[in-house]
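K.L.:
First the structure, then my questions, so here it is.
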Amino acid sequence: MIKEIVKDDELLSQPCEKATEQDAELVADLLDTLAANEEAAALSANQIGSPKSVVVYLDDNEQPRVMFNPVLKQALHPFKAVEACLSHDGEVEVKRFAWINVSYDELVDGKLVPKKIKLQGWTAQLVQHMIDHCKGKTI
């Protein structure tokens, strides 16, 4: 179901709760909402009103990917980026990293399975933005 994007800074500044298998229904709402917002490349669950650590993003091939409980483990090559956000008006300069290593959980056959991924470039930037959302950090 397509959800309205949350713009309330008080709600968005709260750290998200760890997601569990019971939060699987959030994925369809996140993917539907992401697809409905042409200017969007990523969304976190708190942006659609659920304080859970679940994010979706479009990879380098424009395919949607899902992460439960993403955590930035390693970050290299800092740079300044100008980012926009569906939850905020305008653009903001932020520090990002060109190369990151992220641990997360993936839902496989109804169970959360630990995974790791190395990302770089635009995709790394998107995932860092989403991890910030999960921490309650807004741009």
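The values are calculated or read from the model by the stated rules, or taken from the named source; none is laboratory data. If you're wondering where the values come from, they're calculated on a predicted model, not measured in any experiment. In this analysis, Cβ positions are derived from the backbone assuming ideal geometry, glycine residues included, and neighbour counts consider all displayed protein chains. Heavy atoms of the whole protein, side chains included, go into the accessibility calculation; ligands, DNA and RNA do not. Shrake-Rupley method; radii C 1.70, N 1.55, O 1.52, S 1.80 Å.
K.L.:
What net charge do the residues around Ala84 carry, taking every other residue with its C-beta under 10 Å from that of Ala84, with Lys and Arg at +1 and Asp and Glu at -1?
P.N.:
Residues close to Ala84 contribute a combined charge of -4.
K.L.:
Here's another thing I want to ask about it. Over all pairs of distinct alpha carbons, what does the Kirkwood formula give as the hydrodynamic radius of region 14-76, in Å?
P.N.:
Kirkwood hydrodynamic radius for region 14-76: 12.2 Å.
K.L.:
How much length is gained if the chain between Asp32 and Asp8 is pulled fully straight, taking 0.36 nm per residue apart and subtracting their Cα-Cα distance, in nm to one decimal?
P.N.:
Value of the extension gain: 6.5 nm.
K.L.:
Of the trypsin sites (Lys or Arg not before Pro) in region 56-139, which ones lie in a loop per DSSP and count no more than 15 other C-beta atoms within 10 Å?
P.N.:
Lys137
K.L.:
Once you put a point 7 Å from the Cα of Glu17 and another 7 Å from the Cα of Lys137, both along the Cβ direction, what distance in nm separates them?
P.N.:
Each label point lies 7 Å from its Cα, and together they span 2.4 nm.
K.L.:
To the nearest 10 square angstrom, what accessible area does Glu10 show with a 1.4 Å probe?
P.N.:
Accessible surface of Glu10 is approximately 140 Å².
K.L.:
Express the Stokes-Einstein translational diffusion coefficient of region 16-139 in µm² s⁻¹, to the nearest whole number, given a Kirkwood radius over alpha-carbon pairs, 25 °C and a viscosity of 0.890 mPa s.
P.N.:
Reported coefficient: 169 µm²/s.
K.L.:
Sort largest first and round to whole Å: the equivalent ellipsoid semi-axes of region 68-139, each the square root of five times a Cα gyration tensor eigenvalue.
P.N.:
That gives 23, 15, 9 Å for the three semi-axes.
K.L.:
Efficiency by 1/(1 + (r/R0)^6): what FRET value for Lys118 and Glu83, r their Cβ-Cβ distance, R0 = 22 Å, to the nearest 0.05?
P.N.:
Result of the calculation: an efficiency of 0.55.
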